[in-house]
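Encoded as structure tokens, the structure appears first; notes follow it.
The values are calculated or read from the model by the stated rules, or taken from the named source; none is laboratory data. All of these numbers come straight from a predicted model, not from anything done at the bench. Heads up, the Cβs are rebuilt from the backbone with ideal geometry, glycines too, and the neighbour counts pull from every protein chain shown.
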2 protein chains.
Amino acid sequence: MRYDKGHKDTTRRHILEVASRQFREGGIAAVGMAGLMSRAGLTNGAFYTHFASKEALVRDALVDALEESVGKIEAAIESGAGLEGFIRDYLSPRHRDNPGRGCVAAALAAEVSRHPAATRGAFTDKFEEVVALIATHIPVGGSEAKRRKALGIYGLLIGTVQLARVVSDKRLSDELLTNGLHAALQLMGA
Amino acid sequence: MRYDKGHKDTTRRHILEVASRQFREGGIAAVGMAGLMSRAGLTNGAFYTHFASKEALVRDALVDALEESVGKIEAAIESGAGLEGFIRDYLSPRHRDNPGRGCVAAALAAEVSRHPAATRGAFTDKFEEVVALIATHIPVGGSEAKRRKALGIYGLLIGTVQLARVVSDKRLSDELLTNGLHAALQLMGA
DNA sequence: TGTACATCAGTGAACGCGCGTTCACTGATGTAC
DNA sequence: TGTACATCAGTGAACGCGCGTTCACTGATGTAC
């Protein structure tokens with residue numbers, strides 16, 4: 001069969017979305033090409049007509065997932081919930097319990113730090129964008145102070161969600177989220 | 001050959017130390033049994049006279065590495081550097097650049113969250129100990145306030161170090177550490 | 001209009017490789033009689 | 001004292017399996033003449 005114009009792009013985007021989610025859920029190393037392609041409704045061989053290698057897919061999936069973060073922050077601002085609303089969502093049980101649709105930095109930062117420079121570079125560029133966007137919406141302070149606060153808050157957010165995900169005690173996990181929220185708001189304001 | 005009394009225990013501890021370091025450096029999934037045992041100066045088959053499975057080793061290595069954290073905090077207190085001294089070390093370039101000897105939560109929290117409940121349970125128990133120890137040395141506040149601060153600070157520490165490790169821009173990485181330090185001290189005091 | 005060829009997304013078997021785990025075996029020493 | 005057997009940490013080859021990647025092929029459609 002021949003395919004519609006734009007069909008290949010659609011397929012590529014579909015693979016990317018499936019991969020991005022699977023990576024965040026199970027970790028990059030745990031996702032195999034055959035399983036990934038089968039989940040995307042294709043066979044393994046087709047992968048290489050879309051991406052040069054697994055590492056190239058990782059690179060694109062990371063950037064894609066960070067763009068998702070940008071979208072979430074923008075949506076929170078537009079909805080009137082503001083940066084605080086974004087932070088509340090970030091430190092919610094729903095985010096903790098759904099890593100596949102959640103923040104890619106919380107799910108994969110440590111693993112990505114062991115990936116090649118090209119991958120980390122692509123991640124870094126988008127990460128800078130996210131930080132700049134957060135800084136814009138910090139309520140008080142000069143532009144440098146805002147950036148500093150944004151970096152601190154981001155670190156707190158990803159670390160707290162990771163701890164909330166790893167501990168097996170639900171009470172402790174909830175406690176981590178609640179305290180993280182207080183700490184984040186404190187960092188945002190002061 | 002026969003072996004000295006205590007020889008098996010020494011070997012077990014040696015495997016554990018090598019594994020603990022390799023896990024933190026490369027991630028748990030990336031460490032293979034043959035390579036690990038060869039680094040420990042043994043052959044692959046000997047592993048199973050010491051541990052029931054790779055997962056059992058992971059469990060013990062995580063607990064071991066968290067006990068290392070307890071030791072570091074106690075050392076900082078005893079040296080007079082206090083909790084602030086521990087935090088300064090934690091957010092130092094040296095810690096960022098040596099994950100193998102560093103905080104296991106920063107290196108492996110996200111990966112461990114995908115491991116079996118037994119592994120996460122063992123991690124959680126030791127994690128509680130570390131949090132309690134940090135809380136003890138927060139300078140101001142009631143015991144509940146201290147615990148809350150300890151949880152917030154821990155999240156900030158591990159998240160910040162992970163971000164500092166993943167970004168490929170050295171300036172940004174240093175900036176993350178510096179701002180993380182200010183934020184942590186702010187959370188500790190307020 | 002009909003025919004020959006080019007295009008290209010996708011198929012599915014196969015490649016070499018390293019994984020976690022098993023197991024028959026080694027060989028030095030301790031114990032029983 | 002001498003001999004037969006038990007103990008046990010460690011060896012190293014082998015197990016089945018899934019990994020990332022390659023490649024000859026398919027088959028529907030577009031293009032050239």
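Residue check, A:Asp9 against (1) away from DNA strand C (no atom under 15 Å from the Cβ); (2) without any contact (Cβ under 8 Å) to a residue 24 or more places away in the chain; (3) more than 14 Å from chain B (Cβ to nearest Cβ), all met but one. Which one?
(1)
Between B:Gly41, B:Gly45, B:Gly35, which is farther than 28 Å from A:Val31 by Cβ, more than 14 Å from chain A (Cβ to nearest Cβ) and within 14 Å of DNA strand C (Cβ to nearest atom)?
Numbers: B:Gly41 fails: within 14 Å of DNA strand C (Cβ to nearest atom); B:Gly35 fails: farther than 28 Å from A:Val31 by Cβ.
Of the residues listed, the single one that is farther than 28 Å from A:Val31 by Cβ, more than 14 Å from chain A (Cβ to nearest Cβ) and within 14 Å of DNA strand C (Cβ to nearest atom) is B:Gly45.
I'd like to verify a number: residues in segment A:154-172 that are more than 13 Å from B:Tyr154 (Cβ to Cβ), polar (S, T, N, Q) and in a helix (DSSP H, G or I), how many? Write out each step before concluding.
Residues of segment A:154-172 more than 13 Å from B:Tyr154 (Cβ to Cβ): A:154, A:157, A:165, A:168-171.
When the remaining residues are screened for being polar (S, T, N, Q), the result is A:168.
Still in the list and also in a helix (DSSP H, G or I): none.
Number satisfying all stated conditions: 0.
If you check B:Glu78, B:Glu17, which single one turns out to be within 15 Å of DNA strand D (Cβ to nearest atom) and under 30 Å from B:Thr160 (Cβ atoms)?
B:Glu17
Within segment B:44-61, is even one residue at pLDDT 95 or above, of a type in the set (S, T, N, Q) and under 28 Å from A:Val112 (Cβ atoms)?
Yes: segment B:44-61 contains one or more residues that are at pLDDT 95 or above, of a type in the set (S, T, N, Q) and under 28 Å from A:Val112 (Cβ atoms).
Anything in segment A:76-101 that is among the aliphatic types (A, V, I, L, M) and under 15 Å from the mean Cα position of the chain (by Cα)? List them, or say none.
A:Ile87, A:Leu91
Quick check on segment A:130-149. Is at least one of its residues touching a Gly at 6+ places or on another chain (Cβ under 9 Å), at the interface with another protein chain (Cβ under 7 Å from one of its Cβ atoms) and not polar (S, T, N, Q)?
Taking every residue of segment A:130-149 in turn, at least one turns out to be touching a Gly at 6+ places or on another chain (Cβ under 9 Å), at the interface with another protein chain (Cβ under 7 Å from one of its Cβ atoms) and not polar (S, T, N, Q).
With respect to the numbered conditions (1) buried (at least 19 other Cβ atoms within 10 Å of the Cβ); (2) within 14 Å of another protein chain (Cβ to nearest Cβ), which one is the sole condition not fulfilled by B:Leu57?
Only one criterion in (1) buried (at least 19 other Cβ atoms within 10 Å of the Cβ); (2) within 14 Å of another protein chain (Cβ to nearest Cβ) is unmet by B:Leu57, namely (2).
Determine which single condition A:Arg114 fails, assuming it passes every other condition in (1) without any contact (Cβ under 8 Å) to a residue 12 or more places away in the chain; (2) within 10 Å of chain B (Cβ to nearest Cβ); (3) part of a helix (DSSP H, G or I).
Evaluating A:Arg114 over (1) without any contact (Cβ under 8 Å) to a residue 12 or more places away in the chain; (2) within 10 Å of chain B (Cβ to nearest Cβ); (3) part of a helix (DSSP H, G or I) leaves (3) as the failure.
Provide a single number: the residues in segment B:82-123 that are crowded, with 21+ Cβ neighbours inside 10 Å and of a type in the set (S, T, N, Q).
The total comes to 2.
(1) more than 8 Å from chain A (Cβ to nearest Cβ); (2) in a helix (DSSP H, G or I): which one isn't true of B:Phe123, the others all being true?
In the conditions (1) more than 8 Å from chain A (Cβ to nearest Cβ); (2) in a helix (DSSP H, G or I), B:Phe123 misses (1) alone.
Those residues that are touching a Lys or Arg at 6+ places or on another chain (Cβ under 8 Å), surrounded by fewer than 24 Cβ atoms within 10 Å (Cβ to Cβ) and either within 21 Å of A:Leu176 (Cβ to Cβ) or in contact (Cβ under 8 Å) with a residue 12 or more places away in the chain (or both), I need them from segment B:146-178; list them, please.
B:Arg165, B:Ser173, B:Leu177
Please specify each residue of segment B:179-190 satisfying the condition of being surrounded by 24 or more Cβ atoms within 10 Å (Cβ to Cβ) and more than 7 Å from chain A (Cβ to nearest Cβ).
Correct list: B:Ala184 only.
With respect to B:Leu16, determine if the residue is away from chain A (no Cβ under 14 Å), within 16 Å of DNA strand C (Cβ to nearest atom), assigned to a loop (DSSP other than H, G, I, E, B) and in contact with a helix residue (DSSP H, G or I) (Cβ under 9 Å, 6 or more places away or on another chain).
It is false that B:Leu16 is away from chain A (no Cβ under 14 Å), within 16 Å of DNA strand C (Cβ to nearest atom), assigned to a loop (DSSP other than H, G, I, E, B) and in contact with a helix residue (DSSP H, G or I) (Cβ under 9 Å, 6 or more places away or on another chain).
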